[in-house]
1. Which of the pairs K87/K240; K214/K240; K72/K168 have their Cα atoms more than 24 Å apart in this structure?
2. From the phi angles alone, apply the Karplus equation (6.51, -1.76, 1.60; θ = phi - 60°) to the stretch 5-11 and give each ³J(HN,Hα) in whole Hz, x where the residue is Gly or Pro.
3. Run the reach check for K70 against lysines, Cα to Cα strictly under 23 Å, same-chain hits fewer than 8 apart removed. What comes back?
4. Sort 246-256, 85-95 by the packing proxy (mean of other Cβ within 10 Å over each peptide's residues), most packed first.
5. Pairing the Cα long axis of helix 201-212 with the longest principal axis of the chain, what angle in degrees results, from 0 to 90 and rounded to the nearest 10?
6. Using 7 Å Cα-to-Cβ label points, what is the Y112/R135 separation (nm, one decimal)?
7. What are the aspartates and glutamates whose alpha-carbon lies under 12 Å from the alpha-carbon of K236, with same-chain residues fewer than 8 places away excluded?
8. So what's the gap between the Cα centers of the stretch 40-88 and the stretch 119-183, to the nearest angstrom?
Amino acid sequence: MLIENAHFTVFDVETTGLFPYAGDRICEIGALRIEANGATERRFQTLVDPGMPISAGAFAVNGITAAMLKGKPAIGEVLPDFMEFIKGSVLVAYNAGFDLGFLEAALGERNYLLLEYPVIDVLALARRVFPGLGRYSLMLVAGALGIDASGGHRAMADTIMTWGVFRKALDVLAGRGVKDIEDITALYAGRPSQAEEARSPTIELLEDAIRSNKKVAITYLSLWNDSLTERVITPKRIQKGYGKSYVVAHCHLRNDERLFRLDCILKAGLHG
């Protein structure tokens with residue numbers, strides 16, 4: 001598909017926490033629909049009553065309160081309109097696996113509907129097109145590119161920033177002769193597939209630790225705030241989410257059960 005002929009939906013979700021497969025839910029959706037050649041632009045924006053409390057960590061980031069969500073529609077009321085809004089478009093998001101994971105969980109048995117959409121992850125694209133920035137949180141990348149980064153961590157503000165970063169990347173790619181959507185996704189296709197992850201030394205070590213109930217020391221990159229932490233975990237099981245593999249583990253740093261994306265575990269070794 002030629003870029004000039006593509007319709008784009010740039011979107012972002014705010015959530016009650018980090019892990020859709022552990023029960024966290026969407027509490028806000030923001031989206032921009034940009035028709036081919038930027039001819040028209042439409043917006044989709046709504047708060048969503050998640051039917052559960054917002055975690056302290058999520059509130060610290062997005063500032064969304066229970067009072068703001070009172071009386072707002074449930075996700076089941078919102079999804080039909082959102083799915084109609086994105087129809088026939090290329091989905092664009094920053095750290096797309098996170099947002100799509102929440103949409104997949106919200107759609108439940110109808111999550112197969114997402115499979116028909118091409119997806120562009122602007123985070124992965126930015127790492128390739130704008131090397132050397134060091135850290136790649138959305139606000140830092142937007143700021144480095146001269147894009148207004150005010151109002152970050154709310155769905156529409158992050159959507160607008162993502163669109164700004166994506167447009168800058170498209171300008172660079174046009175100069176390199178990139179014309180097709182498939183060429184964009186090929187730029188970061190070098191990331192390991194789930195099949196490759198399944199054969200990696202990290203997952204073999206985790207599976208051994210699960211069998212023997214051993215602790216594992218990891219260096220983990222948080223995509224929530226683009227920070228590195230050293231943790232000790234006791235792995236319990238491996239599971240797959242939308243396009244990603246996770247390890248469910250007891251985190252001794254937080255003294256809680258957490259999900260860790262395998263591609264964000266930068267180092268791993270048996271502890272003790």
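1. Pairs exceeding the cut-off: K87/K240; K72/K168.
2. Values per residue, Gly and Pro as x: 9, 7, 9, 10, 10, 8, 8 Hz.
3. List returned: none.
4. Details: 246-256: 15.8, 85-95: 20.2.
Ranking, from highest mean packing down: 85-95, 246-256.
5. 40 degrees
6. It works out to 4.3 nm between the two label points.
7. E207, D208, E257
8. Taking the Cα centre of the stretch 119-183 as reference, the centre of the stretch 40-88 is 23 Å away.
Read the figures in this text as sums done on the coordinates, not as results from a lab. The structure displayed is predicted, hence computed values, not measured ones. Heads up, the Cβs are rebuilt from the backbone with ideal geometry, glycines too, and the neighbour counts pull from every protein chain shown.
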